[in-house]
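The values are calculated or read from the model by the stated rules, or taken from the named source; none is laboratory data. No experiment lies behind these values; they were computed from the predicted model shown. Cβ coordinates were reconstructed from backbone atoms using ideal geometry, including for glycine residues, and neighbour counts include every protein chain displayed.
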């Protein structure tokens, strides 16, 4: 229908105004609301005061709008009441699909009431009435959707601000119960503090694609998955490259964190590496520093992506602390500096848990070449990579060297 077309007003069915079956607004409203509760599944779970209050009132408003339009009157200002209710439902968390489904259910019942007495002589009125029904449905659905989304965005913005405020306070070591109440978020007794490294997606380097857009979409997918799995309990400060997550230990056990990281990696479509340290709220700043130091070490060691706990990497972490021990261990591999292929072979062989076949495949060499290079390392350093004691020192030396100046 073009902008210049107008629908006939004051439509009739069987000689009576088409709006007649809807004019007893109170009775029809009760009938419609009862139908919603019995047949629109989500409505049955809404609190009784919402059903008896806003839902019933707004159903009456919608009927009054319908009666006005069928009688040829202008749409009353009562659509503002519909918008106010939609905004309230957004803030209360009533799903928008429940609201829109209820509107459509109401229209189906209303059409049955209006057209039930129609005869063949009412054909033209029925056609015009059907067009008017589409116009009403468009008006009401658009009013609800606009108001709901506008309010929902405001709610989300408020929540993000509250989360950011509380997260910043925890990271800064200044959380308080007053701040938590103001933010509407409970401070947990202990947190799993995760440091995340998010690698670039392959498309970020594509010459024909905007890499920044690809990176932002990667982050949005990760955040959406995090919200889906952790709801409002997870606190985060993340960028496209990584960041920090605080997850209450009472909502997700340590054993479940590996599954969570795998899900986040799958959503982001990149292999994420993370480290985790557990801490009480007042120890979060220290735990964050420790988790990121551990993450830095894990990345320097070029391990496979995954979740690493401090308890699993305590020895490696200690070997990287500044001091004469680190310098002495790192110097054990100085004789290999002029042979980078030997150093690479040693590092890959250790990361592959001493599996010669995997090492050979990754380096694209024969397994005999792997054996030859390991013997050369032993000859140059005096430490045999095939003996437990020699291997321990060589692995420690590799770890220490990653932090040498």
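From the list 12, 57, 45, the lone residue that is more than 34 Å from the chain's Cα centre (by Cα), farther than 30 Å from residue 119 by Cα and either at pLDDT below 75 or not assigned by TED's automatic domain parsing to the domain that holds residue 149 (or both) is 57. Suppose we filter 202, 197 for residues that are modelled with pLDDT of 70 or more, surrounded by 15 or more Cβ atoms within 10 Å (Cβ to Cβ) and within 26 Å of residue 262 (Cβ to Cβ); which single one remains? Being modelled with pLDDT of 70 or more, surrounded by 15 or more Cβ atoms within 10 Å (Cβ to Cβ) and within 26 Å of residue 262 (Cβ to Cβ) holds for just one of 202, 197, which is 197. Inspection of region 298-305 identifies at least one residue that is in the same structural domain as residue 266 (by TED's automatic domain parsing), touching a strand residue (DSSP E or B) at 6+ places or on another chain (Cβ under 9 Å) and in a helix (DSSP H, G or I).
If the condition is being in a loop (DSSP other than H, G, I, E, B) and touching a helix residue (DSSP H, G or I) at 6+ places or on another chain (Cβ under 8 Å), then region 312-328 contributes 313, 320.
Conditions (1) within 42 Å of the chain's Cα centre (by Cα); (2) closer than 22 Å to residue 319 by Cβ; (3) not in a helix (DSSP H, G or I), marked per residue:
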position: 330; (1), (2), (3): no, yes, no
position: 344; (1), (2), (3): yes, yes, no
position: 354; (1), (2), (3): yes, yes, yes
position: 370; (1), (2), (3): no, no, no
position: 375; (1), (2), (3): no, no, no
position: 383; (1), (2), (3): no, yes, yes
position: 403; (1), (2), (3): yes, yes, yes
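Checking 97, 122, 138 one by one, the residue that is touching a strand residue (DSSP E or B) at 6+ places or on another chain (Cβ under 9 Å) and assigned to a helix (DSSP H, G or I) is 122 and no other.
If only residues of region 342-361 that are in contact with a helix residue (DSSP H, G or I) (Cβ under 8 Å, 6 or more places away or on another chain) and over 20 Å from residue 399 (Cβ atoms) are counted, the one that is surrounded by the fewest Cβ atoms within 10 Å (Cβ to Cβ) is 357.
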